[in-house]
Structure formats: structure tokens, C-alpha cells
1. Using the heavy atoms of the protein chains and a 1.4 angstrom probe, tell me the accessible area per residue for the chain in square angstrom.
2. Could you check how much of the accessible area of the chain is carbon and sulfur, as a whole percent, using a 1.4 Å probe?
3. Find which of Ile13, Pro46, Met75 sits farthest along the positive direction of the dipole of the chain, computed with +1 on the beta-carbon of Lys and Arg, -1 on that of Asp and Glu, about the Cα centre.
4. To the nearest 10 square angstrom, how much accessible area does Phe52 have with a 1.4 angstrom probe?
5. In square nanometres, what is the average projected area of the Cα convex hull of the chain?
6. Go ahead and estimate [θ] at 222 nm for the chain from helices alone: -39,500 (n - 2.57) per DSSP H run with n ≥ 4, summed, over the residue count, rounded to 500.
7. Under a Cβ-Cβ cut-off of 12 Å, what is the net charge of the residues other than Gln12 that fall near it, where Lys and Arg count +1 and Asp and Glu count -1?
8. Treating the beta-carbon of each Lys and Arg as +1 and of each Asp and Glu as -1, no other charges, what is the dipole magnitude of the range 1-44 about its Cα centre, to the nearest 20 debye?
Amino acid sequence: MEVINLKEKGSQIPNLYQYEMVAKMNNHNFTMVRVKDRTLDFHTHPDSDEVFLIVEGQMKLEFRDKTLELKAGDMCV
């Protein structure tokens, strides 16, 4: 077990849109990415869920039936 400071880890990612693995648990990787003004096409992960945890800044997650606005400290599963 170790303590992971997400703000610190995020500040160490050198480039925008570069995914970095920050932890691993069972068969799951926890990755971080620094982004700015990025839009992704709708996609699904049929064999797993996805978690969004906003460390700094904000983002919008658009679903077929709604849009969620996340800010620092928010998490969506």
C-alpha cells in the first residue's frame, strides 16, 4: 500500500493528452490524463465501467439523455 497524491501525479504528466498509469488494482489500471478542450466520440466499455475523477478544472460528460458538468473534487461512475 502507498499514498498517491493525484495533484502531484497530474503535475508530473509532461504533455497534454498523454495517459499515465498511476496505480493498478486487481486487473484494473488507474490512469490520469491532462486535457484541454478535448471532445471524444461516444463509446462504450462492454466489459468494465469507467470512472471520471476531476482533480483540477472541469469537464462535461455528455450522455444520450443528459449532460453532467463535473468540477474539481467530483467523480462520476
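The values are calculated or read from the model by the stated rules, or taken from the named source; none is laboratory data. The structure presented is a predicted model; accordingly, all values stated were derived computationally and were not measured. Using ideal geometry, Cβ is built from the backbone for each residue, glycine included, and neighbour counts are taken over all protein chains shown. Just so you know, the surface numbers come from the protein's heavy atoms only, side chains and all, with ligands and any DNA or RNA stripped out. Shrake-Rupley method; radii C 1.70, N 1.55, O 1.52, S 1.80 Å.
1. Numbers: 7090 Å² over 77 residues.
On a per-residue basis, 92 Å².
2. Of the solvent-accessible surface of the chain, carbon and sulfur hold 48 percent.
3. Ile13
4. It works out to around 60 Å².
5. The directionally averaged projection comes out at 6.0 nm².
6. Working: 1 runs with 6 residues, N = 77.
Roughly -2000 deg cm²/dmol at 222 nm, from the helical runs in the chain.
7. Working: positive: Lys7, Lys9, Arg34; negative: Glu8, Glu20.
Charge balance near Gln12 sits at +1.
8. Numbers: 6 positive and 5 negative charges, 14 e Å.
Charge dipole of the range 1-44: 60 debye, to the nearest 20.
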